[in-house]
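*Asks:* Would you mind keeping the following structure in view while I ask a few things?
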Amino acid sequence: MEQFITDEIQDAAIKDLGELVGIASYNDKAEPNAPFGKGPKAALDKAMELMEKLGYTTHEDPDGYYGYADIGEGDETFGIVGHLDEVPAGNLEAWDVEPYKLTIKDDKLYGRGTQDDKGPTISAIYAIKSILDKGYKLNKKIRVIFGTDEEILWRCLAEYNKKEDPIDLGIAPDAEFPLIYAEKGLQQSYLTGPGSNELNLDLENAFNAVPGKAIYDGPKQAEVFAALQKLGFDADQKDGEIEVHGKSVHAMNAPEGVNAVVRLGMALAEVFPDIKVLQFLKTFGEDANATNLLGDVSDDVSGKLTFNISSLKITPEESRMQIDMRIPVKVDHDQLIQQVSDAVAKFDMKYENFDYVAPLYVPRDSELVKTLMQTYQDLTGDTKSQPAISGGATFARTMHNCVAFGGMLPTTPDFMHQANENWSKADMRKAMEIFAEAIYRLCVK
């Protein structure tokens, strides 16, 4: 195999990475032509400037949602989908370096965005440059797409897909090697029903987390605590309230958690048998795959449905729950929603949509997946790591025939969204080598 990445190429990539790290590009107040604030827009402007210097033809959305840069020609378009927005630095006292200045210390690149996702995106761009510098001609157009709202709602690429032609195949360097070929559908919704004058309850949590704690300060506490004990649930009673203990995990791993809100609801159902939403929770139980409610919902690719109830509110006017479902890639979405609607109707409840993100599925025997996997194995010698399935969501699912590919190695420490975010120069170099060889095999040979 040819050695594409040189010290000079990596140094140039690090220099441009420093330009982007120097821009605080977290989501902020919208401004004209900057829908996600001045930071993401400034990072997008800088990216367009850098790409023009590298010889790309660039286009920046006039409304400021996204940008892209094209190089090469061909009947097909290979996409590289990255993002320039980031989470805020958070507590500055927790940082050992300035978060918005690229600092090299102990052969590590420190700064917000070095791992997520400015570093991997720049690495892929310079992997392309390394191929072109060798004199090779591309047989496809390569389009580098820059998102600016990945950390929030992906509105950037929703706008891109409204306005631009789709890519034919591609990668999103915003995850971990070797690759993710299947990502479950993500459905977040509300279940609403009749209220109650017997009980006021307001347990609100994020959609995407199994609640690890639930506080009850309402009536009949002795009976409620006794019901919790009878069910074998961990809870404390003191100072006029009951605290139910659970185990918080991400909603995509809901069966691995212990849902404190559901446990409290099941106990309350024993004390307040006339409240419909509580009887629903009693029927649902602690099965985060929702088999008690829906039966077996699964496929042979991505496994079982996960179903997380994160919030419960009861007022005289209505009852309301938040749910987060991670839907197997081969399960029909519309049929599932109808199944949920029919199941909750038995408890006088209604289904209301909040947000849906379609699944990603590129078969393991596709040319894209086979080529990327072979490249990864050839460059690393790692034949144990396999193509992955995820209940989470990467930017790859915004595009047709696209998978998450790198840029973190399985052995790379995860500093994403944390203080002192950093990426070692050695891991960056290996990622660049993998990107270069993969792009060579897909877009040159």
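The values are calculated or read from the model by the stated rules, or taken from the named source; none is laboratory data. Keep in mind it's a predicted model, so treat the numbers as computed, not measured. Positions of Cβ are generated from backbone atoms using ideal geometry, with glycine treated the same way; all protein chains shown enter the neighbour counts. SASA here: full protein model, heavy atoms, side chains in, ligands and nucleic acids out. Shrake-Rupley method; radii C 1.70, N 1.55, O 1.52, S 1.80 Å.
*Asks:* Pick from region 160-186 the residues that are assigned to a loop (DSSP other than H, G, I, E, B) and closer than 30 Å to D427 by Cβ: which of them is most open to solvent (accessible area, probe 1.4 Å)?
*Replies:* Taking region 160-186 as the starting set, the residues that turn out to be assigned to a loop (DSSP other than H, G, I, E, B) are 164-168, 173-174, 177-179, 184.
Applying the additional criterion that residues be closer than 30 Å to D427 by Cβ yields 167-168, 173-174, 177-179, 184.
Numbers: I167: 4, D168: 59, P173: 0, D174: 20, F177: 2, P178: 8, L179: 2, K184: 19 Å².
This residue is D168.
*Asks:* Also, quick follow-up: Looking at region 263-286, I want the residues that are within 18 Å of K247 (Cα to Cα) and have a partner that is of a type in the set (F, W, Y) and open to solvent by 10 Å² or more (accessible area, probe 1.4 Å) with Cβ atoms under 7 Å, at least 6 apart or on another chain. Which pairs are those?
*Replies:* Sorted first by the residue in region 263-286, then by its partner, the pairs are R263/F233; A267/F233.
*Asks:* What strands (runs of 3 or more DSSP E) completely inside region 25-85 contain at least 3 residues that are within 18 Å of T121 (Cα to Cα) and of a type outside the set (S, T, N, Q)?
*Replies:* 66-71, 77-83
*Asks:* How many residues, within region 213-260, are part of a loop (DSSP other than H, G, I, E, B) and either over 30 Å from V329 (Cα atoms) or open to solvent by 50 Å² or more (accessible area, probe 1.4 Å) (or both)?
*Replies:* Here is the first cut: in region 213-260, the residues part of a loop (DSSP other than H, G, I, E, B) are 217-220, 232-234, 239-240, 246, 248-249, 257, 259.
Adding the requirement that they be either over 30 Å from V329 (Cα atoms) or open to solvent by 50 Å² or more (accessible area, probe 1.4 Å) (or both) leaves 217-220, 232-234, 239-240, 248.
Here the count works out to 10.
*Asks:* A follow-up question, please. Given D61, D85, D96, which one is crowded, with 16+ Cβ neighbours inside 10 Å and either among the basic types (K, R) or farther than 21 Å from P166 by Cβ (or both)? Explain how you work it out, then say what you get.
*Replies:* Numbers: D61 fails: either among the basic types (K, R) or farther than 21 Å from P166 by Cβ (or both); D96 fails: crowded, with 16+ Cβ neighbours inside 10 Å.
Going through D61, D85, D96 in turn, just one is crowded, with 16+ Cβ neighbours inside 10 Å and either among the basic types (K, R) or farther than 21 Å from P166 by Cβ (or both): D85.
*Asks:* Does Y100 satisfy the condition of being out of contact with any Lys or Arg (no Cβ under 8 Å at 6 or more places or on another chain) and touching a residue at least 12 places away in the same chain (Cβ under 8 Å)? Steps first, answer last, please.
*Replies:* Details: out of contact with any Lys or Arg (no Cβ under 8 Å at 6 or more places or on another chain): no; touching a residue at least 12 places away in the same chain (Cβ under 8 Å): yes.
Judged against the criteria, Y100 is not a match.
*Asks:* Additional query: Run G240 past the list (1) farther than 25 Å from G303 by Cα; (2) of a type outside the set (A, V, I, L, M); (3) in contact with a helix residue (DSSP H, G or I) (Cβ under 7 Å, 6 or more places away or on another chain) and report the number of the one that doesn't hold.
*Replies:* (3)
*Asks:* Further, regarding this structure: Name the residues in region 64-102 that are of a type in the set (V, I, T) and either within 17 Å of Q418 (Cβ to Cβ) or under 26 Å from the mean Cα position of the chain (by Cα) (or both), would you?
*Replies:* Filtering region 64-102 down to residues of a type in the set (V, I, T) leaves 71, 77, 80-81, 87, 97.
The answer is T77, I80, V81, V87, V97.
*Asks:* Would you be able to say whether some residue in region 110-129 is among the acidic types (D, E) and free of Cβ contacts under 8 Å to residues at least 40 places away in the same chain?
*Replies:* First, the residues of region 110-129 that are among the acidic types (D, E): 116-117.
Still in the running and free of Cβ contacts under 8 Å to residues at least 40 places away in the same chain: none.
Taking every residue of region 110-129 in turn, none turns out to be among the acidic types (D, E) and free of Cβ contacts under 8 Å to residues at least 40 places away in the same chain.
*Asks:* Out of curiosity, is T114 crowded, with 19+ Cβ neighbours inside 10 Å, polar (S, T, N, Q) and assigned to a loop (DSSP other than H, G, I, E, B)?
*Replies:* Details: crowded, with 19+ Cβ neighbours inside 10 Å: yes; polar (S, T, N, Q): yes; assigned to a loop (DSSP other than H, G, I, E, B): yes.
In short, yes.
*Asks:* For region 316-348, give me each residue that is in a loop (DSSP other than H, G, I, E, B) and open to solvent by 10 Å² or more (accessible area, probe 1.4 Å).
*Replies:* Here is the first cut: in region 316-348, the ones in a loop (DSSP other than H, G, I, E, B) are 316-317, 328-332, 346-348.
If the condition is that a residue be in a loop (DSSP other than H, G, I, E, B) and open to solvent by 10 Å² or more (accessible area, probe 1.4 Å), then P316, E317, V329, K330, V331, D332, K346, F347, D348 are the ones that fit.
*Asks:* Let me ask something else. Could you look through region 187-208, keep only residues that are within 30 Å of P410 (Cα to Cα) and modelled with pLDDT under 95, and pick out the one that is surrounded by the fewest Cβ atoms within 10 Å (Cβ to Cβ)?
*Replies:* That would be A206.
Okay, residues lined up against (1) among the charged types (D, E, K, R); (2) under 21 Å from K140 (Cα atoms); (3) touching a Gly at 6+ places or on another chain (Cβ under 7 Å); (4) in contact (Cβ under 8 Å) with a residue 24 or more places away in the chain:
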site	(1), (2), (3), (4)
D7	yes, no, no, no
N27	no, no, yes, yes
P32	no, no, no, no
G37	no, no, no, no
M51	no, yes, no, yes
E60	yes, no, yes, no
E76	yes, yes, no, yes
V87	no, no, no, yes
G90	no, no, no, yes
